[in-house]
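One structure is given here, and the rest of the page talks about it.
The values are calculated or read from the model by the stated rules, or taken from the named source; none is laboratory data. Given the structure is predicted, the values throughout are model-derived calculations rather than measurements. Neighbour counts are summed over all protein chains in view; Cβ atoms, including those assigned to glycine, are modelled from backbone coordinates with ideal geometry. For accessibility, only protein heavy atoms count, side chains too; no ligands or nucleic acids. Shrake-Rupley method; radii C 1.70, N 1.55, O 1.52, S 1.80 Å.
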Amino acid sequence: MKKIAIFGVGGFGREVHMLIEQINAKIKTYEFIGYFDDGYKIGERINDFPVLGGVTELNQWNEPVNLVYAIGDPSIKRNVIKKVNNGNVSYPSLIHPNVLIGNMKFNSIGEGTIITAGNIITVNIEIGKHVILNLSCTVGHDTRIGDYCSFMPTVNISGEVIIEEGVYVGTGAKIINQLTIGENTIVGAGAVVAKTLPPNCTAIGIPAKPIKFHDKI
């Protein structure tokens, strides 16, 4: 089996460990060896597994290891990934066995992407690197999702949507078809995106409207 670790010890990190266990229950694929996280002491145990270090220790890791980043905030996730420069680290995509997904001849999923239980991904969809699709999201036809995006549970994305790099979409938000969400934008929980959103903003409400803009990340 392939050795695998998780960067991020928070609640989502423990949920990703659960995902790995569910993948292994279907087909034994990974040997889970522990967590990396700069906020915890080396050797500290999380649900019976050790913290192996932070970015420094990961960059010094001297044997092949698969790694996924259980970090919901796209900007933090992107910044951590940029600090990792160890050629021994590989980034598998983790897809729960019960995910309903169209023919992979016509869909693409980038490295390091995490797709949890209950997701439905239809046809002609492009998902970038290090994307998180949390529980029970739906992604409609011809949608493009950029690198580092994070979608919280039960987000619904209609067809022909373009979601640029680093977007965060809160729980239960809905995105109407044929729209674009600009890079680094935050969509609040429960929002309904009915018009294209610009980059670098926070948008909330029904319909979703920008309430503030932030510096480009």
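With r defined as the distance between the Cβ atoms of I211 and K83 and R0 fixed at 22 Å, what FRET efficiency is calculated, to the nearest 0.05?
Numbers: r = 32 Å, r/R0 = 1.43.
It comes to 0.10.
Determine which lysines satisfy two conditions relative to K209: a Cα distance under 25 Å, and not lying fewer than 8 residues away in the same chain.
K174, K195
Under the rule of -39500 (n - 2.57) per DSSP H run of 4 or more residues, summed and divided by the residues of the chain, what mean residue ellipticity at 222 nm is obtained, to the nearest 500 deg cm²/dmol? Kindly include the intermediate steps, with their values, before the conclusion.
Numbers: 3 runs with 31 residues, N = 217.
After summing the helix terms and dividing by residue count, I get -4000 deg cm²/dmol.
How much FRET efficiency would the formula 1/(1 + (r/R0)^6) give for I120 and E57, where r is the Cβ-Cβ distance and R0 is 35 Å, rounded to 0.05?
Numbers: r = 38 Å, r/R0 = 1.08.
With a Förster radius of 35 Å, E is 0.40.
Amide H of F7: which non-local residues (sequence gap of 5 or more, or other chain) have their own amide H closer than 5 Å, using H built in the peptide plane?
F36, V68, Y69, A70
What is the set of long-range amide H partners of V123 at a cut-off below 5 Å, with H atoms built 1.01 Å from backbone N?
It is H141, D142, by chain and number.
Could you tell me what percent of the accessible area of the chain is made up of carbon and sulfur, with a 1.4 Å probe and every protein chain present? Each step should come with its number before you reach the end.
On the way: 5270 of 10090 Å².
Ligands and nucleic acids excluded, carbon and sulfur give 52 percent.
To check you understand DSSP bridge types, tell me what percent of the beta bridges within region 141-217 (both residues inside) are antiparallel, rounded to 5. Working shown, then result.
Working: 4 of 19 bridges.
Taking every DSSP beta bridge within region 141-217, about 20 percent pair in antiparallel fashion.
Name the long-range amide H neighbours of I109: under 5 Å, sequence gap of 5 or more, or other chain; modelled H, no Pro or chain starts.
I127
How would you order 6-12, 97-103 from highest to lowest mean count of nearby Cβ atoms within 10 Å?
Values: 6-12: 20.4, 97-103: 12.4.
Taking the mean over residues of other Cβ atoms within 10 Å, the ranking is 6-12, 97-103.
Could you tell me the distance between the Cα centroids of region 21-52 and region 178-217, to the nearest Å?
Result: 35 Å between the Cα centres.
Sort the following peptides by mean Cβ neighbour count (other Cβ atoms within 10 Å, averaged over residues), highest first: 30-42, 47-59.
Values: 30-42: 17.2, 47-59: 15.7.
The packing order, highest mean first, is 30-42, 47-59.
Counting only DSSP beta bridges with both residues in the chain, tell me the antiparallel percent, nearest 5. Present the calculation step by step, with values, prior to reporting the outcome.
Values: 6 of 51 bridges.
Among the beta bridges of the chain, antiparallel pairing accounts for roughly 10 percent.
Taking percent of Cα pairs over 27 Å apart as the quantity of interest, determine which of [x] 46; [y] 63; [z] 31 was computed from the displayed structure.
Correct label is [z].
Could you name the lysines whose alpha carbon sits less than 21 Å from that of K105, not counting residues in the same chain fewer than 8 places away?
Qualifying lysines at Cα under 21 Å: K129.
Using the Kirkwood radius built from alpha carbon pairs, what does the Stokes-Einstein equation give as D for region 169-217 at 25 °C and 0.890 mPa s, in µm² per second? Intermediate values should be presented prior to the final figure.
Details: Rh = 10.4 Å.
It diffuses with D of about 237 µm²/s by this estimate.
Ignoring ligands, DNA and RNA, what accessible area per residue does region 52-187 give at 1.4 Å, in Å²?
Working: 5330 Å² over 136 residues.
Accessible area per residue, region 52-187: 39 Å².
What angle, in degrees between 0 and 90 and rounded to the nearest 10, separates the Cα long axis of helix 11-26 from the longest principal axis of the Cα atoms of the chain?
80
Just the number, please: percent antiparallel of the DSSP beta bridges in region 92-210, rounded to the nearest 5.
On the way: 2 of 33 bridges.
Here the share of antiparallel DSSP bridges comes out near 5 percent.
Under a straight-distance cross-link criterion of Cα-Cα below 18 Å, which lysines are reachable from K26, leaving out those fewer than 8 residues away in the same chain?
The qualifying lysines are K2, K3.
Taking the Cα-to-Cβ direction at T202 and at S93 and moving 7 Å from each Cα, how far apart do the two end points lie in nm?
Between T202 and S93, the simple spin-label model gives 3.2 nm.
Under the Karplus relation 6.51 cos²θ - 1.76 cosθ + 1.60, θ = phi - 60°, what is the ordered set of whole-Hz ³J(HN,Hα) values for region 73-82, x standing for Gly and Pro?
Here the 3J(HN,Hα) series is 6, x, 5, 5, 4, 4, 5, 5, 4, 5 Hz.
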